[in-house]
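> Questions regarding the structure given below will be posed in turn.
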């Protein structure tokens, strides 16, 4: 049990308009040596309650299938277990797993989840591009989860950060499982991410993101060639009504979703593909992936947003070429290339660039080789791009 003497509370705010952020610091002391072990308090699973209303246009479907699709990180076994234990109600009535949902049904669920374990340091290699007393800039590899969540308690960037910081990590609150994480990247998106090393830096950096003062530039390999070759995508983005795990585009300034703005430009014309440069002006979940789907040029390898399906290209043996390309790049070809922001203490402008990862470079070389073998030149690419 911690006493008041063991804790220091610190309140910080940059301006009168911003609510104070309260941080807890643990005093650095030599631990007391004792032969008595403290009793471990048993913790019960944490309930998670959700309410969903079935869309008017939803086709009939078994409720266990529907909930598995709608509830993030849910598995069919867990859903069926909840139904069998009476923790799923439809229109305030208990149902069975084979119940077929109907238009406008109201579903109430209580899922039991084990309490999150305390985040532990792990010796995981990370590529640190820059580090000072306030922050680190890390080049995250594709496939690494940023912070723990249900199904991914270990092996995350957060675990690696704690190991790297060592005793310095005492300044960070590990109870929220996101020590120093200012922003995040999807598991299969590679590139630059900022990590704060103390609470004041965390607050000031988060403020820069909220005020849209951080410049974020991404690179992506997409299907086809956008026409025009540069522009701005502006929509609202929110959870899809059909699948809660997917983000959808809604009319700009409408009632659904939140404003999302992305600038794009073609960096390299690759006839059947394009290498795009993308600048984010907002930071919505899956923003680039959803916006490029809206544009009709999905990211190569993006299974969630339609970029990983086999497509036929206008040359012989194209099916094998596409299949090999997707095997080479079994993830969305999206990379956070550039970050520019102010150092939180000195206010110095910092800017960093991370080269494309190996899998994206190999994919580009494979596409360029196919263009060469099929005698596709830049003039043909340009003519096709502007053809009406």
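The values are calculated or read from the model by the stated rules, or taken from the named source; none is laboratory data. Only a predicted model underlies this, so the values are computations on that prediction, with no experimental measurement involved. Backbone-built Cβ (ideal geometry, glycine too); neighbour counts: all protein chains shown.
> Answer yes if at least one residue in segment 229-236 is in contact (Cβ under 8 Å) with a residue 12 or more places away in the chain, crowded, with 16+ Cβ neighbours inside 10 Å, touching a strand residue (DSSP E or B) at 6+ places or on another chain (Cβ under 7 Å) and closer than 30 Å to residue 59 by Cα, and no otherwise.
Checking segment 229-236: at least one residue is in contact (Cβ under 8 Å) with a residue 12 or more places away in the chain, crowded, with 16+ Cβ neighbours inside 10 Å, touching a strand residue (DSSP E or B) at 6+ places or on another chain (Cβ under 7 Å) and closer than 30 Å to residue 59 by Cα.
> Another question about this same structure. If you check residue 289 against the conditions, is it under 19 Å from residue 240 (Cβ atoms) and touching a strand residue (DSSP E or B) at 6+ places or on another chain (Cβ under 9 Å)?
On the way: under 19 Å from residue 240 (Cβ atoms): yes; touching a strand residue (DSSP E or B) at 6+ places or on another chain (Cβ under 9 Å): yes.
Yes.
> Something else: Given the condition in a loop (DSSP other than H, G, I, E, B), free of Cβ contacts under 8 Å to residues at least 12 places away in the same chain and surrounded by fewer than 19 Cβ atoms within 10 Å (Cβ to Cβ), answer yes or no: does some residue in segment 278-299 qualify?
no
> Scan segment 308-315 and tell me whether some residue there is surrounded by 20 or more Cβ atoms within 10 Å (Cβ to Cβ), in contact (Cβ under 8 Å) with a residue 12 or more places away in the chain and either under 21 Å from residue 185 (Cβ atoms) or not assigned by TED's automatic domain parsing to the domain that holds residue 238 (or both).
If we filter segment 308-315 for residues that are surrounded by 20 or more Cβ atoms within 10 Å (Cβ to Cβ), which is where we start, we get none.
No, the conditions are met nowhere in segment 308-315.
> Yes or no: segment 172-195 includes at least one residue that is surrounded by fewer than 13 Cβ atoms within 10 Å (Cβ to Cβ), at pLDDT below 95 and part of a helix (DSSP H, G or I). Write out each step before concluding.
First, pick out the residues of segment 172-195 that are surrounded by fewer than 13 Cβ atoms within 10 Å (Cβ to Cβ): 175-176.
Now narrow it down to the ones that are at pLDDT below 95: 175-176.
With part of a helix (DSSP H, G or I) added as a condition, the list becomes 175-176.
Checked against the condition, which is being surrounded by fewer than 13 Cβ atoms within 10 Å (Cβ to Cβ), at pLDDT below 95 and part of a helix (DSSP H, G or I), segment 172-195 yields at least one hit.
> Would you mind telling me which numbered condition in (1) farther than 18 Å from residue 212 by Cβ; (2) at pLDDT 95 or above; (3) under 17 Å from the mean Cα position of the chain (by Cα) residue 275 fails?
Failing condition for residue 275: (3).
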